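Chemist: Sharing a structure with you now.
The values are calculated or read from the model by the stated rules, or taken from the named source; none is laboratory data. For clarity, every value in this text was computed on a predicted model and none was experimentally measured. Virtual Cβ from ideal backbone geometry, glycine too; neighbours counted across all protein chains shown. Side chains are part of the model used for accessible areas, which takes the heavy atoms of the whole protein and leaves out ligands, DNA and RNA. Shrake-Rupley method; radii C 1.70, N 1.55, O 1.52, S 1.80 Å.
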Amino acid sequence: GSGLNSLAKAAGKVYFGTATDNGELSDQPYTAILDNINEFGQITPANSMKWDATEPTRGTFTFSGGDQIANLAKTNGQLLRGHNCVWYNQLPSWVSNGQFTAADLTDVIQTHCGTLVGHYKGQVYSWDVINEPFNDDGTWRSDVFYNTLGTQYVPIALKAARAADPNAKLYINDYNIEQQGAKATAMLNLVKQLQADGVPIDGVGFQCHFIVGEVPGTFQQTLEQFTALGLEVAITELDIRMTLPATSASLAQQQKDYQTVVQACMNVKGCVGITLWDFTDKYSWVPSTFSGQGEACPWDQNLQKKPAYSGITAALA
Ligand code: G3I
């Protein structure tokens with residue numbers, strides 16, 4: 001086949017994939033592309049495995065949305081990335097506003113990660129166990145986890161995930177770590193510390209929410225710093241947004257930018273795969289978050305391939 005996943009696998013990568021969301025699965029022209037293993041060998045649920053969706057009240061777990069995506073992956077023969085166990089955002093208020101002792105929050109994290117990862121045991125290639133722990137200046141994000149437990153929440157979650165599914169790869173996932181700088185250095189130092197302490201950590205996810213014309217020139221170098229530690233790396237949430245309306249020039253630049261990003265992963269042996277943060281502008285998160293920006297995906301609103309698609313295939317071929 002000549003789709004993205006077929007090309008990626010022929011080039012030695014584990015997968016080329018995409019995020020999707022439960023509300024999109026009734027759109028048949030959309031699922032015709034999503035379900036095509038030649039295009040996508042891996043899927044990630046954009047929302048339905050997050051804490052607010054899976055443990056809305058303490059000790060009560062709801063897996064219906066996550067199961068729908070996991071079952072789809074199984075039906076399609078696709079790998080599944082689990083997203084995510086511990087994140088400051090999309091937390092139910094019983095967690096974000098909770099007044100916890102350190103011991104109590106440790107129990108909350110162990111129960112959440114252990115139950116979530118355990119529910120999908122054997123079905124998940126890799127889990128984003130920790131999502132977005134750092135501020136852009138490399139300091140730790142001030143959230144209920146850090147404010148209650150300090151940095152210890154990271155090993156607590158990773159160990160619980162490892163115990164729940166010993167075969168899933170355990171990742172820390174973040175954005176703005178693609179370029180050299182304080183945030184990438186903080187992530188590198190965290191991983192080194194975890195390794196020194198014997199804490200399970202297998203990979204680092206680079207989200208890659210980029211802007212057309214602003215793909216960082218040091219991305220490949222940064223990936224290599226992490227693989228040099230014996231970790232795998234992955235591009236976990238790729239999209240490249242632009243100021244609207246799009247022009248032929250901005251779409252051509254976007255094509256180049258997609259090629260540059262995918263080529264960086266191709267050039268790094270330990271970069272196992274690439275995931276789009278949904279493949280079509282029809283369902284991109286970008287316009288609702290960045291006013292006046294959009295068209296970040298390789299397929300347009302009408303599910304037609306854009307020049308960006310050719311940028312990806314040029315790098316994969
Ligand atoms: O489920 C409610 C629905 O009941 C309600 O009617 C509707 C009204 O706004 O909101 C729905 O929740 C939305 C949810 O997506 C599900 O569609 C939230 O408002 C919306 O904020 C949420 O956005 C998600 C965002 O994470 C939240 O931070 C995006 O879909 C999702 O793509 C995005 O994904 C994140 C990754 O997890 C981490 N990295 C960044 C990435 C992009 O922000």
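Chemist: Which one of these does Gly23 not meet: (1) assigned to a helix (DSSP H, G or I); (2) touching a strand residue (DSSP E or B) at 6+ places or on another chain (Cβ under 8 Å); (3) farther than 23 Å from Val117 by Cβ?
Modeler: (2)
Chemist: Continuing with the same structure: Could you run through segment 247-292 and say how many residues are over 24 Å from Leu34 (Cα atoms) and in contact with a Cys (Cβ under 8 Å, 6 or more places away or on another chain)?
Modeler: 1
Chemist: Filter segment 181-213 for residues that are among the small types (Gly, Ala, Ser) and in a loop (DSSP other than H, G, I, E, B); which is farthest from the chain's Cα centre (by Cα)?
Modeler: The extreme case among them is Gly198.
Chemist: Sticking with this one: Can you find even one residue in segment 65-73 that is within 13 Å of the ligand (Cβ to nearest atom), more than 20 Å from Leu170 (Cβ to Cβ) and not in a helix (DSSP H, G or I)?
Modeler: no
The rows are residues; the columns are (1) touching a residue at least 40 places away in the same chain (Cβ under 8 Å); (2) surrounded by fewer than 21 Cβ atoms within 10 Å (Cβ to Cβ); (3) more than 16 Å from the ligand (Cβ to nearest atom).
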| residue | (1), (2), (3) |
| --- | --- |
| Val129 | yes, no, no |
| Asp136 | yes, yes, no |
| Ala160 | yes, no, yes |
| Leu170 | yes, no, yes |
| Asp174 | yes, no, no |
| Val204 | no, no, no |
| Gly217 | no, yes, yes |
| Thr222 | yes, no, yes |
| Ile235 | yes, no, no |
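Chemist: Of Glu55, Glu39, which residue is away from the ligand (no atom under 14 Å from the Cβ), charged (D, E, K, R) and in contact with a His (Cβ under 6 Å, 6 or more places away or on another chain)?
Modeler: The match here is Glu55.
Chemist: As an exercise: evaluate Ser6 against (1) at pLDDT below 95; (2) touching a strand residue (DSSP E or B) at 6+ places or on another chain (Cβ under 9 Å); (3) among the polar types (S, T, N, Q) and give the number of the one condition it does not meet.
Modeler: In the conditions (1) at pLDDT below 95; (2) touching a strand residue (DSSP E or B) at 6+ places or on another chain (Cβ under 9 Å); (3) among the polar types (S, T, N, Q), Ser6 misses (1) alone.
Chemist: Next question. Is it true that some residue in segment 59-72 is out of contact with any helix residue (DSSP H, G or I) (no Cβ under 8 Å at 6 or more places or on another chain), in contact (Cβ under 8 Å) with a residue 60 or more places away in the chain and surrounded by fewer than 22 Cβ atoms within 10 Å (Cβ to Cβ)?
Modeler: No.
Chemist: Only residues in segment 32-51 that are closer than 22 Å to Gln90 by Cβ and at pLDDT 95 or above count as the first member; pair them with residues that are near the ligand (Cβ under 9 Å from one of its atoms) and among the aliphatic types (A, V, I, L, M), Cβ under 8 angstrom, at least 6 apart or cross-chain, and list the lot.
Modeler: Ile43/Ala19; Thr44/Ala19; Pro45/Ala19; Ala46/Ala19; Asn47/Ala53
To keep it simple, each residue is scored yes or no on (1) touching a residue at least 60 places away in the same chain (Cβ under 8 Å); (2) open to solvent by 50 Å² or more (accessible area, probe 1.4 Å); (3) polar (S, T, N, Q).
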{"position": "Gln99", "(1), (2), (3)": "no, yes, yes"}
{"position": "Glu132", "(1), (2), (3)": "no, no, no"}
{"position": "Val144", "(1), (2), (3)": "no, no, no"}
{"position": "Ala157", "(1), (2), (3)": "yes, no, no"}
{"position": "Ala163", "(1), (2), (3)": "no, yes, no"}
{"position": "Met187", "(1), (2), (3)": "no, no, no"}
{"position": "Gln195", "(1), (2), (3)": "no, yes, yes"}
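Chemist: Restricting attention to segment 254-283, report how many residues are within 16 Å of the ligand (Cβ to nearest atom) and in contact with an Asp or Glu (Cβ under 6 Å, 6 or more places away or on another chain).
Modeler: 3
Chemist: Given Thr106, Thr20, which one is within 25 Å of Gly150 (Cβ to Cβ) and at pLDDT 95 or above?
Modeler: Thr106
Chemist: Kindly evaluate Leu229 against the criterion of being touching a residue at least 24 places away in the same chain (Cβ under 8 Å) and over 26 Å from Thr20 (Cα atoms).
Modeler: Answer is yes for this residue.
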